[in-house]
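Novice: Please see the structure below; I have some questions.
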Amino acid sequence: MASPVLDDVVPALDTTSSTFTVTYQPILHVAWGTAAGYQAVTHSDGKSEIGTADGDQDAARADLRAAGVAATARAALAAIPTLPTNTFISIPVPLALLADHRIHAALTDYTTLDGVVLDIAEFSIGPLEAVTPALEAYRAAGALVAVGGRGAAQPELTSIVRLKPAIIRLGRAWVRGADRSEAKRSAIEVTGRLAAQLDACILAEGVTTSAELRALAGLDVPLAQGSFIGEAQQFWPDIKRTARTALPTNVAPTDGVLHALVQQSYTTTNLQAAQSVLPETTGFDVLVVLDEQRRPTALLEQGSTGQWVTSPVLAVHIDTPVADAVKQAMARPREVRFTPLACTDDAGRFLGVLRIERLMSHLSAGEPNT
């Protein structure tokens, strides 16, 4: 069965005599045992995937490559209306091509990029400044960013911080034999802590065995991908049953506790206006800043001296187990470790705040379903 959108993108590539096929590889939500999202994968004439060519390719090859990335983007975006509920779609885009007019046209043809993750690879320090305006425009349209290095390498910390990723990818070299290597498990754990401090999560790629998947689950890795989890197919493949059954039995999809612990909070969509009247207000000590889609973007908390301090917001889904919510909170930098969390629904919309002392009290009381 042909991809439903290839008839629209292939004519633009007639001069190359190449045929593009777009498939989707599932990404596992390790805690839930279900698909968290799908990565778009483009193949040309059964050859290597678009995006893996060497940097010294000639101009014709470079044009074909950019056209292939644009084709991937158009195919993935056109397929979004059929995307399973509560999943995202990941589109690989080399860093140097972020501002290419073909990729820009493909991405900006859509009014929103909500549910889209731009998977950025092939880092070099040079292109960062050149592609920043395009990247910020994609982010403003709703796109999230994933970053990752090649092989065992990761992008430099400065690049990761500047790109503000939602996902940090760990390649096959990190995952291979993680169940047998204490050093690799320690490296993954440290990277997970870094990701949490950046309000991001890690995605472990190239999982090929049940032992590797169980090791990742034991390290609380939230996302995983690989042949053991699911092969790329043209229409939203399921997570393999062998992968679901390999997960530890103590990994539960939800404990339902946050529903009872979430509290209402004052909100604003205009931070500047709110800051001008905050010194005169009484009766509340937390204010959450929301964007136009009612997603939390920042949190203001009144300190002991009466001053209002703005902090980055850490959002957790309403169905997150309470112990996982506390673990994410404690992974933050010390100065914001006890700042309330923002609780969100499936669309990322703000539901209320979760106070750390209330979460900790629940855990220490040993109440059921923790």
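All of the numbers you see were taken from the coordinates with simple rules; none came from a lab. As the structure is a prediction and not an experimental result, all values here were calculated from the model. A quick note on method: Cβ atoms are made from the backbone with ideal geometry, for glycine too, and the neighbour counts reach across all protein chains shown.
Novice: What is the dipole size for the range 258-364, taken about its Cα centre, with +1 at each Lys and Arg Cβ and -1 at each Asp and Glu Cβ, in debye to the nearest 20?
Specialist: On the way: 9 positive and 11 negative charges, 50 e Å.
Here the size comes out at about 240 debye.
Novice: Could you list, bin by bin from short to long, the percent of Cα-Cα pairs of the range 258-364 in 10 Å steps?
Specialist: 15, 49, 31, 5
Novice: Would you mind ranking V93, V147 so that the residue whose beta carbon has the fewest other beta carbons within 10 Å leads the list?
Specialist: Working: V93 27, V147 22.
Placing the least packed residue first, the sequence is V147, V93.
Novice: Whole-Hz ³J(HN,Hα) for each residue in the range 338-354, computed from phi via Karplus 6.51 cos²θ - 1.76 cosθ + 1.60 with θ = phi - 60°, x for glycine and proline: what do you get?
Specialist: Those phi angles translate into 9, 5, x, 8, 9, 9, 10, 8, 4, 8, x, 7, 5, 10, x, 10, 10 Hz.
Novice: Considering only DSSP beta bridges where both residues belong to the range 258-364, give the percentage that are antiparallel (nearest 5). Intermediate values should be presented prior to the final figure.
Specialist: On the way: 15 of 21 bridges.
Roughly 70 percent of the beta bridges in the range 258-364 run antiparallel, per DSSP.
Novice: Another question, if that's okay. Working out 0.36 nm times the residue gap between A105 and D63, then minus their Cα-Cα distance, what length gain in nm do you get to one decimal? Intermediate results must be reported in sequence, preceding the final value.
Specialist: Details: separation 42, 0.36 × 42 = 15.12 nm, distance 1.49 nm.
Separation in residues times 0.36 nm, less the Cα-Cα distance, equals 13.6 nm.
Novice: Going by C-beta contacts inside 10 Å, put D238, D63, D346 in order with the fewest on the left. Present the calculation step by step, with values, prior to reporting the outcome.
Specialist: Working: D238 13, D63 16, D346 10.
Neighbour counts put them in this order, fewest first: D346, D238, D63.
Novice: Still on this structure, I have one more. At 0.36 nm per residue, minus the direct Cα-Cα distance, what do R337 and D114 gain on full extension? Give it in nm, one decimal, please.
Specialist: So the extension gain works out to 77.4 nm.
Novice: Next up: With the crude spin-label approximation of a point 7 Å out along Cα→Cβ, what separation in nm comes out for Q233 versus E182?
Specialist: Simple spin-label model gives 4.2 nm for this pair.
Novice: With r defined as the distance between the Cβ atoms of I80 and H317 and R0 fixed at 30 Å, what FRET efficiency is calculated, to the nearest 0.05?
Specialist: On the way: r = 20 Å, r/R0 = 0.68.
The computed FRET efficiency comes out at 0.90.
Novice: Follow-up question, since we're still on this one. Lys/Arg Cβ at +1, Asp/Glu Cβ at -1, dipole of the range 258-364 taken about the Cα centre: which of T339, Q328, Q293 is farthest positive-ward?
Specialist: Of the listed residues, the answer is Q328.
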